[in-house]
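Each remark here refers to the structure printed beneath this line.
The values are calculated or read from the model by the stated rules, or taken from the named source; none is laboratory data. All figures in this text were calculated on a predicted structure; none of them were measured in a lab. All Cβ positions, even for glycine, are placed from backbone atoms using ideal geometry, and neighbour counts span all protein chains on display.
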Amino acid sequence: MKTIAFTILLFLSELALATNLRGRVDIRHPYTGDLFPASGATVELIVFTNFGPQLVYTYFTGSDGMYYMPSIIPGNYILRINGYLDYQIQVVNMPYQDLQPVLMQ
Amino acid sequence: MDREIAGIMLSFALYLTYFLIPLVPSILIYKIFPSTSVVASGSFSGLKINSSGAFAAYLITLVISINALSETEARILEIRNPNEPTWSIIGTLELRDGEGNVINNPLLFDLLEISLEPRVLSSANGDIHFKIPGSPDGSPPKRMITLDVKGFGRGKINLTSEAALTGSDMVVNYQTRTIEFSEPIEITTLTQPGQRYSETSYMTPVTGAGE
């Protein structure tokens with residue numbers, strides 16, 4: 001019985017090791033300086049392994065500038081916007097994680 | 001003989017014609033009027049020319065015939081590649097914000113991507129000028145062209161129907177196979193004015209992380 005309970009707990013803990021990431025990409029109006037959600041931005045999540053950088057997830061933001069990345073394993077990643085803006089992020093072990101917004105230059 | 005081989009042979013014949021035909025008047029001048037002086041001087045393709053006699057006659061006829069034969073060369077190219085006559089799309093882009101105000105920021109054009117449905121690779125900057133394959137019958141291509149400024153918005157060029165080609169801002173020239181826009185093609189941001197965000201703290205980008 002103890003073994004079964006331990007196995008179930010182990011299984012549940014493995015399930016918990018995945019985070020749903022959420023964030024937003026903004027762009028600044030060149031004249032007025034107002035901030036807008038950046039639609040159509042490419043958001044890539046990259047992890048560095050022994051074999052070099054590996055692309056984990058790609059998302060194209062909608063009109064609200066939001067991006068969503070489900071079931072991401074906790075760890076250190078690079079968030080790359082439009083292929084040239086890199087941000088170092090840490091994905092923690094929790095069901096949902098909101099990342100700080102990023103501003104496209 | 002298939003079209004490709006015929007096209008290559010015609011091209012070869014054309015290039016021979018370029019150089020041999022001008023010989024005829026120069027030989028005639030040399031033989032019939034040996035004392036007539038023909039002089040050609042000036043610059044041609046970056047070279048200073050100063051010649052006289054039969055060679056000058058040859059040179060003059062060569063320059064005249066190059067212009068005359070260029071049209072023939074275009075026709076031969078069509079024979080070689082009949083299924084993909086190209087059309088040039090020429091126009092200027094204009095960026096607008098959600099309230100319709102024109103945005104003059106050339107940096108945003110660096111993010112421009114042009115795509116076709118069905119897809120054909122092409123690229124451009126603020127003043128667009130690119131070629132796309134036309135229809136086999138020589139008519140304009142039946143395509144929807146999407147102009148996408150990443151992170152800003154999208155514009156479309158609709159060539160999918162005859163009605164779309166008769167738009168007042170579009171000049172279709174069947175002779176030169178050009179579709180030129182008299183008015184700027186608008187690229188409107190997908191963001192609505194109400195979607196503005198307040199100032200907040202942003203993540204700081206890192207440099208060299210992807211190296």
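Please indicate, with yes or no, whether at least one residue in segment B:141-161 is within 29 Å of residue A:59 (Cα to Cα), modelled with pLDDT of 75 or more, touching a Pro at 6+ places or on another chain (Cβ under 7 Å) and hydroxyl-bearing (Ser, Thr, Tyr).
no
Table: residues versus (1) away from chain A (no Cβ under 14 Å); (2) modelled with pLDDT under 70.
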| site | (1), (2) |
| --- | --- |
| B:52 | yes, yes |
| B:69 | yes, no |
| B:83 | yes, yes |
| B:112 | no, no |
| B:118 | yes, yes |
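Looking at segment B:172-190 only, could you name the residues that are within 16 Å of residue B:141 (Cβ to Cβ) and either part of a strand (DSSP E or B) or of a type in the set (A, V, I, L, M, F, W, C) (or both)?
Matches in segment B:172-190: B:172, B:173, B:178, B:179, B:180, B:181.
Show the residue pairs that are 6+ apart or on different chains and have beta-carbon atoms under 9 Å apart, the first residue being within segment A:80-105 and within 8 Å of another protein chain (Cβ to nearest Cβ), the second being surrounded by fewer than 19 Cβ atoms within 10 Å (Cβ to Cβ) and among the aromatic types (Phe, Trp, Tyr).
A:100/B:202; A:101/B:197; A:101/B:202; A:102/B:202; A:103/B:202
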